[in-house]
Amino acid sequence: MSPDLLFQSVLTGLTNGFVYGLIGLGIASIFRGTRIINAMQGDFALIGGITAVLLLERQGWPMLPAFVAAVLIGGAAGWLLEVLLVRPLRRRGGTEDSYLLLTLGCAFAVSALVLYFVGRDSHALPGIGGEGIVVIADAAMRIHALWLIAISLAVMLTLRLFYSRTSLGLSMMAAALDPQGALTTGINVPLMRTLTFALGGLVGGLAGILVGPLITVYFDMGLLLTLKGFAAAILGGLANPMGAIVGGVTLGLLESIAIVTISSGYKDVIAMVILIIIMIVMPNGLLGRRTRKGG
Amino acid sequence: MPSTAAGTKPTLLWVAALLLWAALPFVATRHMVDLLVFAGLYSIAGLGVAFLLGQCGIVNLAQSVFYGIGAYSVAWFCARKGLPVPVGIASGIVLSVAMAAVVGWPILRLSGYFLALATLALGIIAQVLFLEWDWITGGTLGIGGIPFIEILGFTFDTPARFYFLVWPVALLLLVLHHNLLHSRAGLALRAMRDEPDAAAVLGIDIHKLKVQMFMLSAMLGSLAGSLFAHYVTFVSVDSFAIDRAISFLLLAVLGGVYTVWGPVLGALFITILPQWLSRLGDIHAFVFAAALIAAVILLPEGFGGAVTNWWQRRRTRRA
Amino acid sequence: MKQSLRRRMFLPLLLLPLFAGIPACEQADDQPVKVGAVLSLTGPGAGLGGPERNGILLAQKLINERGGINGRPLEVIIEDDGSKADIAKSKAEGLIHGENVVALLGPSLTASTGAAASVTNRIGMPQLCMTGLGPEIELSYKSLFHMLPPQSLNARAMLEYLSKGLNVRQLGVLYDSGYGQLVMTHIENHAGDYGINIVAAEKFEVGATDVSTQAAKVRAAKPEVVGIIATSPVPFRNARQMRITQPIVSAVGSSSYEYVKGMGEFADDIVFPEFIVSEDPLPHQKEFVDLFVKEYGTLPKTYDAAGWDATHVIAQALSEVGPDAGSEAIAEAIRANRYRGVIASFNFAAPDMTGIELESYTYSKLVDGNYTRLPFTAK
């Protein structure tokens with residue numbers, strides 16, 4: 001195997017890794033704020049992506065407003081999910097598993113609605129920098145992929161600052177860690193939970209317009225993204241905001257290097273076996289601190 | 001209401017249910033009976049998922065693995081090698097239980113979402129291997145020509161006939177499960193679930209117990225898969241993909257993991273409802289998802305929990 | 001207490017009709033002739049099943065406008081198997097024993113076909129499936145007929161073009177683990193006969209969202225031409241993004257307007273050995289294409305045509321021997337028929353149960369997102 005090919009596999013692995021990481025970031029954010037694993041995070045991306053597709057293709061909007069609208073619609077979806085469904089379930093005594101099933105049901109519903117109203121075609125969203133590529137040492141990378149990586153890192157840092165520096169972020173953390181205590185200090189805990197979901201929706205919508213140019217937007221993209229994003233978030237450690245990105249990149253690189261060094265047919269087997277081993281050897285995740293095992 | 005009636009009424013109810021059960025294949029359409037057979041198969045596999053979750057707190061997304069091993073064992077030994085039916089079913093169970101022990105030992109040290117992810121990873125690994133090892137599994141093409149089950153010259157070759165095979169098996173397993181929960185092992189399980197630290201002090205080897213329960217669950221999955229193969233007489237990889245594992249978990253949670261017969265209700269829901277809704281046309285997938293969401297919100301303890309609560313409320317009101 | 005017991009018995013009895021079906025009506029002369037169809041309308045195979053349904057419904061409409069089956073209307077009852085073999089078998093059971101259909105169309109996928117055929121074979125019911133020849137056991141089935149060529153023929157049609165059309169020797173292949181794997185097995189078997197050397201063969205899972213690394217690996221092997229066999233636009237995009245500039249040759253199952261749309265600006269310089277180029281139909285395809293465009297407002301492709309052809313084949317056989325002639329007579333009529341379909345000339349008595357010849361292939365090329373017919377023909 002040539003070094004060129006190995007380098008190429010690292011670049012594509014990085015690209016895919018940030019895709020997984022961006023979804024994982026949303027899952028981890030919602031988990032940090034509410035202790036709920038959101039099985040429709042990938043479908044937030046579908047909502048964002050398909051909104052952008054419809055605005056661009058059918059309404060003829062320019063790119064920037066369409067993308068901004070797509071991200072906002074993603075946030076609105078998160079907001080609605082919490083207010084309309086998660087909150088009533090909490091009132092009726094939902095368990096960890098029932099939240100998982102609830103969001104899984106929402107994932108099915110979103111996918112089914114997109115299939116019904118938009119159809120089963122894949123839509124290629126325009127990338128930032130179009131279809132242009134940069135060539136580094138005979139390895140190619142989409143310019144859009146570089147933007148995806150840069151924006152993902154920016155989102156990660158923003159979230160980190162948001163949670164540690166702003167009073168809203170601190171309130172959201174407090175509401176998650178100690179709801180009773182937060183209530184007594186005057187924090188509106190239900191509102192914080194709603195905002196957490198809205199934030200997850202925003203990150204998901206953003207993921208949609210960023211991954212759309214790479215993997216295209218289609219009705220059943222959500223669950224697959226969620227699975228990989230879930231793996232990324234858990235692998236990195238749910239408690240650490242940087243974890244999801246690190247976990248995602250690890251997963252992406254594992255897959256990609258497995259293809260060039262061993263066999264493309266066994267890519268998933270290799271990635272999943274190593275994933276299990278990492279979890280056993282590092283029970284707090286790659287960047288974990290002393291937290292509950294497995295979140 | 002006289003108190004003497006309390007004993008006879010449930011008995012009569014059971015008799016009525018039994019009669020209804022026995023009459024169904026003669027009055028229902030062949031297609032409906034076919035769906036009920038699948039509900040029976042899924043109940044068996046789902047039972048394994050349900051008690052792992054209910055008794056040990058283990059989210060199992062790998063039941064499709066054992067369902068597949070059971071089915072492929074039958075395909076390999078009965079269709080390819082022409083060996084008798086019990087060989088296929090037994091080898092599937094032996095293989096699944098051994099696999100569950102080997103894989104379960106390391107991964108059951110994990111807990112929470114780590115464990116869920118690990119079982120999901122197992123499901124994905126198996127899905128790829130079922131496809132790649134096509135000299136055993138037939139890959140995308142699948143394996144056909146699996147014989148029907150025959151006992152004393154009676155062939156279980158129609159939905160109605162298979163109905164009378166799968167449901168007695170399912171009910172027997174439910175009864176055994178009920179007995180297990182009320183045995184010493186069941187007590188240990190509950191101690192492990194509710195007070196893990198105290199259980200450890202009492203000398204219960206929690207990890208070993210978990211692995212044993214995982215093996216038991218795998219056995220149920222394998223048995224369901226073997227019966228499935230003998231019923232459909234054709235196996236291919238799409239029946240053992242990760243979405244099947246998700247539906248097993250779905251039926252367990254929907255049915256309610258704290259009641260013995262919850263999985264049966266869950267299995268009926270996920271087999272019959274989509275079928276019934278498909279008459280609505282292309283929108284049916286959305287309606288099913290909406291029904292699922294409504295069920296989760298309105299019945300947080302699953303169908304089983306809801307029915308039990310209702311029953312108990314009725315009783316206390318009468319007493 | 002008696003009262004409450006009655007109430008309790010009443011509830012289960014109320015539930016009974018839920019499970020019971022509508023009793024089958026006695027067949028009268030003006031009763032419709034029922035044909036069942038099991039198609040993949042949802043799941044990974046929906047890209048096949050959807051078009052097949054369009055073709056079937058259009059053919060049914062036309063046949064009924066022209067007098068139906070000996071004066072009786074034709075009714076095709078379509079069921080979805082969700083792209084799963086076990087469900088396909090259930091649906092076939094339901095149609096055959098519940099709806100009393102006289103023949104079965106579909107399924108759309110090879111595994112589903114195998115499962116459904118185990119039902120039809122037991123009772124000798126004619127089944128016209130929308131797939132190519134599957135596992136070996138199908139050769140022993142007497143009432144199963146294929147509307148599409150066996151994968152070995154698809155592989156040879158591709159190799160014909162490589163060796164005689166492009167005159168190249170070094171082939172790299174990107175293929176998925178479903179349809180791609182089926183065709184790839186036969187490309188490996190036949191490549192030697194055409195003097196073609198497979199320098200790289202990279203696989204990816206069905207529904208993969210990114211196959212860039214596999215594409216890079218194929219590119220690194222420096223092939224003269226790249227074969228892509230998949231049921232999604234992803235590998236075509238990734239191949240071009242990874243700077244595979246060589247011509248791409250694909251297979252009939254990868255040719256659809258849906259995928260072309262997903263390929264975007266990369267839908268260029270891709271050759272398909274297939275059967276219908278609707279932009280430029282052959283004379284015997286014209287009527288179908290015109291009717292299709294009138295009905296749906298879009299152009300048809302192979303799987304639309306397969307649904308149309310299958311419906312016509314069964315309608316001809318039913319008209320010939322009468323709809324109540326029984327499975328054996330209907331199957332015999334299908335075997336005797338030499339139907340000139342939109343896809344090809346069929347001979348269902350052939351050993352591969354379809355009788356499609358290499359000469360039936362039409363080679364199309366995507367140029368700037370549009371299909372054009374190539375002058376090349378396989379001999």
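The values are calculated or read from the model by the stated rules, or taken from the named source; none is laboratory data. Here the structure is a predicted model, which is why all the values come from computation and not from measurement. A quick note on method: Cβ atoms are made from the backbone with ideal geometry, for glycine too, and the neighbour counts reach across all protein chains shown. Note: areas computed on protein heavy atoms with side chains; ligands, DNA, RNA excluded. Shrake-Rupley method; radii C 1.70, N 1.55, O 1.52, S 1.80 Å.
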Counting only residues that are within 14 Å of chain B (Cβ to nearest Cβ) and surrounded by 24 or more Cβ atoms within 10 Å (Cβ to Cβ), which one in region C:121-137 is farthest from C:GLU93 (Cα to Cα)?
C:GLY132
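Here's the yes/no breakdown for (1) under 28 Å from B:TYR258 (Cα atoms); (2) under 23 Å from the mean Cα position of the chain (by Cα); (3) surrounded by fewer than 24 Cβ atoms within 10 Å (Cβ to Cβ):
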| site | (1), (2), (3) |
| --- | --- |
| B:ILE44 | yes, yes, no |
| B:PHE51 | yes, yes, no |
| B:CYS56 | yes, yes, yes |
| B:SER73 | no, yes, no |
| B:ALA100 | yes, yes, no |
| B:GLY112 | yes, yes, yes |
| B:LEU117 | yes, yes, no |
| B:GLU132 | no, no, yes |
Answer yes if at least one residue in region A:217-225 is at pLDDT 90 or above and either away from every other protein chain (no Cβ under 11 Å) or within 19 Å of A:VAL86 (Cα to Cα) (or both), and no otherwise.
yes
Do you know which residues across region C:71-92 are acidic (Asp, Glu) and either within 12 Å of chain B (Cβ to nearest Cβ) or free of Cβ contacts under 8 Å to residues at least 40 places away in the same chain (or both)?
C:GLU79, C:ASP80, C:ASP81, C:ASP86
Checking C:GLU258 against (1) within 21 Å of the chain's Cα centre (by Cα); (2) surrounded by fewer than 22 Cβ atoms within 10 Å (Cβ to Cβ); (3) not assigned by TED's automatic domain parsing to the domain that holds C:ASP210, only one condition comes out false. Which one?
(3)
Go through region A:158-191 residue by residue and tally those that are in contact (Cβ under 8 Å) with a residue 12 or more places away in the chain, open to solvent by less than 70 Å² (accessible area, probe 1.4 Å) and part of a helix (DSSP H, G or I).
10
Tell me, which residue of region A:107-128 that is in a helix (DSSP H, G or I) and in contact with an Asp or Glu (Cβ under 7 Å, 6 or more places away or on another chain) is nearest to the other protein chains (Cβ to nearest Cβ)?
A:TYR116
Look at A:VAL86 and say whether it is among the β-branched types (Val, Ile, Thr), outside any loop (DSSP other than H, G, I, E, B), within 20 Å of B:ILE242 (Cβ to Cβ) and away from chain C (no Cβ under 14 Å).
no
Out of B:GLY302, B:GLY256, which single residue is touching an Asp or Glu at 6+ places or on another chain (Cβ under 8 Å) and over 20 Å from C:ASP80 (Cβ atoms)?
B:GLY256
What number of residues within region C:217-236 are over 26 Å from C:LEU153 (Cα atoms) and either part of a helix (DSSP H, G or I) or facing another protein chain (nearest Cβ under 9 Å) (or both)?
3
Could you check, for region B:25-39, whether at least one of its residues is surrounded by 18 or more Cβ atoms within 10 Å (Cβ to Cβ), in contact (Cβ under 8 Å) with a residue 40 or more places away in the chain, more than 10 Å from every other protein chain (Cβ to nearest Cβ) and assigned to a helix (DSSP H, G or I)?
yes
Which of the residues spanning region A:216-274 are open to solvent by less than 20 Å² (accessible area, probe 1.4 Å), of a type in the set (Ser, Thr, Tyr) and either at positive phi or part of a helix (DSSP H, G or I) (or both)?
A:THR216, A:THR226, A:SER256
Flagged in region A:84-97 as open to solvent by 50 Å² or more (accessible area, probe 1.4 Å) and under 21 Å from the mean Cα position of the chain (by Cα), in numbering order, are A:GLU96
